[in-house]
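Quick note: the coordinates plus some simple rules give every number you see, no bench work behind them. None of the values given here were measured: they were computed from a predicted structure. Methodologically, a virtual Cβ is constructed for each residue, glycine included, from the backbone with ideal geometry; neighbour enumeration extends over all protein chains shown.
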Amino acid sequence: MKRFLLLAVLIVVAPFLLGMGSLQGPASPEKIPVPVKKYTATVLDQMDVVAQCSDVSIEGETFLEGKRGEGNYTISFDNIAQVLFRLQEGKLIGIVMLRGGESSELTLTKNQKLYGRTRYGTFQITLSDLKKLVIEAASSQK
């Protein structure tokens, strides 16, 4: 009898608990991840549209993550001058130009998003829609 009563209560209460997140409404376009370190960047998309962004991050982080061979690499925005993006055989390839002059090629996650702020409002774009990303040095203010 106790099990039946517990099950009945769970069935009645579960829809309310599961639906609680939707009571807050849709995510605001003004809300983007705020990175700990502040970077500015110039973004060029596949249609050659340029966006100047501040508070730039990839999924809220200030590093680029990808695979090279069997290894996983992360490269801090501090070390990246620019990244060229290209789709090759269904994979997103990032050619990372480092500040020291070297370059490295990584296989990136296509559906990750880059976030930032423009003078018009917030900005977000999937990495697969990018052609080029130029990262300026981090600002000293937090």
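Give the relative contact order (percent, whole number) for segment 103-142; include only Cα pairs under 8 Å separated by 6+ residues. Intermediate results must be reported in sequence, preceding the final value.
Details: 25 pairs, mean separation 12.1, N = 40.
Dividing the mean separation by the residue count of segment 103-142 yields 30 percent.
Read phi for every residue in segment 55-60 and hand back ³J(HN,Hα) as whole Hz from Karplus 6.51 cos²θ - 1.76 cosθ + 1.60, θ = phi - 60°, with x for Gly and Pro.
Coupling constants for segment 55-60: 6, 6, 8, 10, 6, x Hz.
What's the extension gain from Lys38 to Leu98 if we count 0.36 nm per residue and subtract their Cα-Cα distance? Intermediate results must be reported in sequence, preceding the final value.
Numbers: separation 60, 0.36 × 60 = 21.60 nm, distance 1.85 nm.
Gain on stretching Lys38 to Leu98: 19.8 nm.
For segment 55-142, which GluC sites (Glu not before Pro) pass both filters: DSSP loop (anything but H, G, I, E, B) and at most 10 other C-beta atoms within 10 Å? Walk me through the numbers before you get to the answer.
Values: sites: Glu59, Glu61, Glu65, Glu70, Glu89, Glu102, Glu105, Glu136; in loops: Glu59, Glu70, Glu89, Glu102, Glu136.
Hits after loop and neighbour filter: Glu70, Glu89, Glu102.
Where in segment 68-134 are there chymotrypsin sites (Phe, Trp or Tyr not before Pro) that are in a DSSP coil and have at most 14 other Cβ atoms within 10 angstrom of their Cβ? Walk me through the numbers before you get to the answer.
Details: sites: Tyr73, Phe77, Phe85, Tyr115, Tyr120, Phe123; in loops: Tyr120.
Sites meeting the loop and neighbour criteria: Tyr120.
With a cut-off of 8 Å between alpha carbons and a minimum separation of six or more residues, what is the relative contact order of segment 41-135 in percent?
Numbers: 202 pairs, mean separation 33.1, N = 95.
About 35 percent, as a whole number.
Expected output is a single nm value to one decimal: the length gained when fully extending between Glu61 and Glu105, i.e. 0.36 nm times separation in residues minus the C-alpha distance. What is it?
Details: separation 44, 0.36 × 44 = 15.84 nm, distance 1.96 nm.
Result: 13.9 nm gained on full extension.
Give me the extension gain from Asp45 to Tyr120: residue separation times 0.36 nm, minus the current Cα-Cα distance, reported in nm with one decimal. Please list the in-between numbers first.
Numbers: separation 75, 0.36 × 75 = 27.00 nm, distance 1.72 nm.
Stretched out fully, the Asp45 to Tyr120 stretch lengthens by 25.3 nm.
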